[in-house]
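Everything below concerns the one structure shown next.
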Amino acid sequence: MNNQTSDKTLLSIEDLTVRLPEGADRDNAVENISFQVNRGEILCIVGESGSGKSVTANAIMGLLPRPYVEPVAGRIVFEGRDLLQLPEATLRDLRGSRVGMIFQEPMTALNPVMKIGDQINEVFDAHGKAGRKERKEQVVELLRSVGLPDPESLGDSYPFRLSGGQRQRVMIAMALALEPGVLIADEPTTALDVTTQAQILRLIRKLQDDRDMGVMFITHDFGVVAEVADQVAVMQLGEVVESGPAQEILNNPQHPYTQRLVGSVPRFEPPEARGKLSAETLLSVRSLDKTYVTARGLFTKGRTVQAAKSVSFDIRKGETMGLVGESGSGKSTVGRCIVRLLESNGGEIRFRDEIDLASLKGRGLQPYRKHIQMIFQDPYASLNPRRKVGRIIAEGPMAHGTSQAEAHRRAEELLELVGLDSAVADRYPHEFSGGQRQRIGIARALALDPELLVADEPVSALDVSVQAQVLDLLDDIKQRLNISVLFITHDLRVAAQICERIAVMQLGEIVEYGDTREVFSNPQHPYTRELLAAVPGRNWSIPEVARKAVADQQLQKEVL
Amino acid sequence: MGKLSFIARRLVKGVFVLLAIVILNFLLIRLAPGDPAQVMAGEAGAADQEFIQQLQEKFGLNQPLHEQLFIYLKGVLTLDLGWSYRQDEAVATLIFERLPATLLLTGTAFCFALTFGVLLGALAAARVGRWTDSLITVLALVCYATPLFWVALMSILLFSVYLGWLPGFGMFSVGAGYTGLEFVLDVLRHLILPALTLGLFYMAVYTRMTRASMLEVMEMDYVKTARAKGLAPGRITRMHVLRNALLPVITLAGIQAGQMVGGAVLTETVFAWPGIGRLMFDALLQRDYNLLLGVFLVSSAVVVLFNLVTDLVYTFVDPRIEVS
C-alpha cells in the first residue's frame, strides 16, 4: 500500500512493534507494521488467529494489558498526535469520542444488568456532552439510525431481551454516539448468522458513508473483505505481508501467504458432480419431532420449543448430505437425535432400511451405536484433556469388545490415516493445535468403522487454511472408506464444496431439500434465496493464481 | 404483575417445604429411642408402668403416631407449637421471647460481615497483586480458618478479662436497672464482642467471594466495552464490575442469612446470649422435644423466608431472572 500519509489519512500506524511477555510463542505480537485508515474508507485487516490483528486494535485504543503486552517502537498517529505518547487521561477522552470500537461477541459485550439507554448515555456522561433531555432524544435517534425497532422504548430494555444482531446494532450505536472519526470493528460479524451478518455489514457501510468515517475492520473472512473493503492489509504472524486496494488484493494477490489464504476460501459454486451416486439408502429419517421443555416447575407448565418439526430426509450410501441453516434452526438437534444423544419425541430413524433406531433403547441400541459416529464443532472441548490421544481413540472399540492391544494398534493406524504421526498416541490433547485436534476427533469417530458420520460444524472453529485441509481430509476419507456423512453447517460456501445434496432448515423445518447444484442455482424457497443472497462476497470469484498456490502447496506436501 | 405472581408462587412453595420439614422433624424425633414420658418418670424416681401410662395419657403419647402428628400440625397452623414439659411454658412463648435477641445478634453480625466483606473484597480486587491485596487475602484466610469458639474465647479473655473494655457475658448488665438510652448503649456494648466474633467468619467468606467474583468480571467483554467508551476507572468498577460481581455474593449471603439465625448456637452459648440458639442447646440437653421441634420449625421458617427475600432481591438486581 502507499505508505505515505495524505490529507485523507485519519489514523496512521507507523512501524509499530508490540512486545509480548516472555514465554509467549514469539517475541513480538506485531512487528514493524504500518498502515493508514483514510477518511471515507474501510480498511480490512485480514489474518488468521494469532496474526496480531486484535493486538493492533487494542494498541490503538490503549486497551493493551500493559506492561505485559507493551508497545515498544513506532507511532500511532491520530489527529496529529501520537497516541502512544499521550497520558491515560487524554487517551480516555479520545476513546469513545474520537475513536469508537465494536467487538466480536455481541452477546457478552453489553453489561447484562444495565439498561440499553443507560449504557449509551454513559458515553455522553463520560465525555460531558449534551444535557439530560437532549441526551434522551439522542439515544432514541441513535437507536433509530442503526435500524433498531421501537427505539423509544428500547432504551428501557435490558440486553437479554435482544438478539445477537440487535445487540451488535446497539454496540454500533454506542460506538458512534459521539460521531468518532474512526471506528474500529474487531470481527464484528463473526459471531452472527449469515443473514444478520449481511445486514450488519450493510449498516456499517451505510453509516461510514453517511458520516464520512474511516473504518478499520478486522476479519478472518475474505468473503467479508470482498463485501466491504476499500483497502486491505494482510497480516501473518505479527507482520503485514501485503497491503493495497481491495480489488488488487482480492483479484491479484502477490504474496504467497495472501494467495494461500484467498485460495483456501471455499468456492461458492458447487463443483460438477463427482461420478454416479449410489442409489442405496443408508439412513432415512421420517417425520422426526423433537420438543424441548424449559423452565418447568412445580406449578409452571414450562415453555416448549419445537426444535424439529416433522423432519424427513434420506442419506444415501457414500454421500455427504448437508444440513444447513442458521443458529436455532434445529440442525444440531436433528444430528443429535440421529446419533441418539437426544431422544426424539416422534418419527422414525430407519437404518439400512431394516431397523428403526428411534424405537431402540439401552442394550438394544448398543450394537448399532458404532455404526453412527459424531464429530463435534469445538476441537478444544470435545477431547478429554486428561486422556492420552491413543486412549481417546481406542476407547470406543474397547467398549465394543476389542482387546486393548488391538484397539491401540488400530488407533495408531487411524492417526496416520488422518495425517498425524502414529507416535502422537502417547500425547495429551493440549499439545495439539485446533486443526490437529479436529483430526484426532475424526480418527476417534472412525475407530468404530462407522457407516455414517454426523459432523456438526466440524470446521467452524478453524482458521480458513486449516479448514480447507480438514475438509479435504473428510472428503478423502469418505471416498476411501465409502462412508456417508451428515454434514451440519451454517456456512453455505463449505456446504457447496463438500455436500452432494443439502437440506435447508429454518425454525425446525426443512424448507428445501435437493441436489446441491440445483438448490444453489435455482433455489425455490424464499428463505433459501435469502440465505444464498447473504453469503458474503458471493459475486467475487476467487482468482486462479490463488487456487494454484493452494494446489501447489498441497502437492509439495505430498512430495515431501 | 409478574413479580406478584412470582412471590405468590414462591410463598406457596415455601409453605409446602415447611410442612415437609415439620413432618420430617416430628417423625425423626419419634424415631429416637425412649419417649419423654419414660424419661420424665425415670427422673421423677417412679418409673413404674402405671405412672408412665399416666404421663403418656396426659401428654397424648398413647395415641397412634399419625394422630399425634395430626394434632401437632393442627397446633402449628394456629401458631400453637405445644408445651415445653421442662420449662412449663408454651413453646411459642419461649421462642418468641428469645427470637429478638437472636435477630439482633445475627442481624448485626450479618450487616457487619456483608459491608466489610464486600468493601475489603472490592479493595483487594482493585489492587490485585499488590501488598494491600496480599494483606486482605491473608486476613480473610485467617478469619476463615480460625474456629469460631476459639475466637470467642480469646476475645472474651482479651477484651473483657484483661483489658476490661467490653462485657463478655449476657445481653445487658443484670441488676443495673438501666432505662432509655442508657439501656440501649448497655445492650450495644454487650453486642460488640459476640457480633464481631460471629461476623468475622462470614466477612472472610464475602471478602474472598467478592474478590474472586470481581476478578472474573473484570475479564468480561462488557468491561472492555466500558473502557472503550472512555469511562473513568472508578465508574467502570462501580457500575460495570461491582454490580455484576455482587450477584453471586447476594446468593450466598441470602442462604447464609437464614442459616445464621438457627446456627448461632456456638456464639450464643459462649457469650451466654439469651437467643434461640441457646434455647435449642438447652432443649437438646434436656430432651425437651416439643421445644426442640419448635426451634427447628422457626429456624427452618427463617431459612425459607430468607431464600424468598434473596430471590426477590435478585429480581431487582438481575433483570434476567424474571424470564427464567
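Each value in this text was obtained by applying a stated rule to the coordinates, not by laboratory testing. Computed from a predicted model, the values in this text were never measured in an experiment. Using ideal geometry, Cβ is built from the backbone for each residue, glycine included, and neighbour counts are taken over all protein chains shown.
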Which of A:SER403, A:SER34, A:SER54 has the fewest other C-beta atoms within 10 Å, and how do the rest follow up to the most? A:SER403, A:SER34, A:SER54
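Count the net charge of all other residues whose Cβ sits under 12 Å from the Cβ of A:PHE35, scoring Lys and Arg as +1 and Asp and Glu as -1. Could you put the intermediate results ahead of the total?
Values: positive: A:LYS53; negative: A:GLU14, A:ASP15, A:GLU41, A:GLU239, A:GLU242.
Combined, the nearby Lys, Arg, Asp and Glu give -4.
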Using each residue's phi in the range B:304-314, evaluate 6.51 cos²θ - 1.76 cosθ + 1.60 at θ = phi - 60° and report the 3J(HN,Hα) Karplus result to the nearest Hz, with x for Gly and Pro. 4, 4, 5, 4, 5, 4, 4, 4, 5, 4, 4
Using Cα centres only, tell me the gap between the range B:273-290 and the range B:37-105 in whole Å. 13
So which residue, out of B:PRO100, B:PRO194, B:PRO64, gets the largest mean-square fluctuation from a GNM of chain B using Cα contacts under 10 Å as springs? B:PRO64
What is the sum of charges, Lys and Arg at +1 and Asp and Glu at -1, for the other residues whose Cβ falls under 15 Å from the Cβ of A:GLN524? -2
By the Cα gyration tensor axes a ≥ b ≥ c (a/c under 1.5 gives rounded; else a/b larger than b/c gives prolate, otherwise oblate), the shape of chain B is oblate
Anisotropy class of the range A:113-177 from Cα gyration tensor, a/c 1.5 cut: prolate
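How much mean residue ellipticity at 222 nm does chain A get from its helices, if each DSSP H run of length 4 or more adds -39500 (n - 2.57) and you divide by all residues, to the nearest 500 deg cm²/dmol? Walk me through the numbers before you get to the answer.
Numbers: 20 runs with 208 residues, N = 560.
The helix-only estimate for chain A comes to -11000 deg cm²/dmol at 222 nm.
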Which listed residue (A:ALA423, B:MET239, B:GLY82) has the Cα farthest towards the positive end of the charge dipole for the protein assembly as shown, taking +1 on Lys and Arg C-beta and -1 on Asp and Glu C-beta about the Cα centre? B:GLY82
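So for B:THR78, A:THR291, fewest C-beta neighbours within 10 Å to most, what's the order? Provide the component values of the computation, followed by the final result.
Details: B:THR78 8, A:THR291 15.
In order of increasing Cβ crowding within 10 Å: B:THR78, A:THR291.
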State the antiparallel share, in %, of DSSP beta bridges confined to the protein assembly as shown, rounding to the nearest 5. 55
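Within the set of other residues whose C-beta is less than 11 Å from the C-beta of A:LEU414, count the net charge using Lys and Arg as +1 and Asp and Glu as -1.
0
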Would you mind ranking A:THR281, A:THR189, A:THR528 so that the residue whose beta carbon has the fewest other beta carbons within 10 Å leads the list? A:THR281, A:THR528, A:THR189
For the protein assembly as shown, take N as its residue count and report Rg(C-alpha) divided by 2.2 N^0.38 Å. 1.20
When the helix-only estimate is applied to chain B (DSSP H runs of n ≥ 4, each -39,500 (n - 2.57), divided by the residue count), what is the mean residue ellipticity at 222 nm, nearest 500 deg cm²/dmol? -24500 deg cm²/dmol
Enumerate by residue number the GluC sites (Glu not before Pro) in the range A:108-158 meeting two conditions: DSSP loop (anything except H, G, I, E, B), and at most 13 other Cβ atoms within 10 Å of the site's Cβ. none
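Mind checking A:112-122 for the average number of partner chain beta-carbons within 10 Å of each residue's beta-carbon? Could you put the intermediate results ahead of the total?
Details: counts 8, 11, 7, 1, 0, 0, 1, 6, 1, 0, 9.
Per-residue shielding by partner chains comes out at 4.
Would the range A:281-559 count as rounded, prolate or oblate if I go by the C-alpha gyration tensor, calling it rounded below 1.5 in a/c and otherwise prolate when a/b exceeds b/c, oblate otherwise? Spell out each step's value before the answer.
Working: a/c = 1.69, a/b = 1.09, b/c = 1.56.
Oblate shape, in that a/c is at least 1.5 and b/c is the bigger or equal ratio.
Assuming R0 = 60 Å, what is the FRET efficiency of A:GLU248 and B:GLN259, from their Cβ-Cβ distance, to the nearest 0.05? Don't jump to the answer; show the numbers that get you there.
Numbers: r = 69 Å, r/R0 = 1.16.
Between A:GLU248 and B:GLN259 the formula returns 0.30.
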Taking the Cα atoms only, what angle lies between the long axis of helix A:544-559 and the longest principal axis of chain A, rounded to 10 degrees? 50
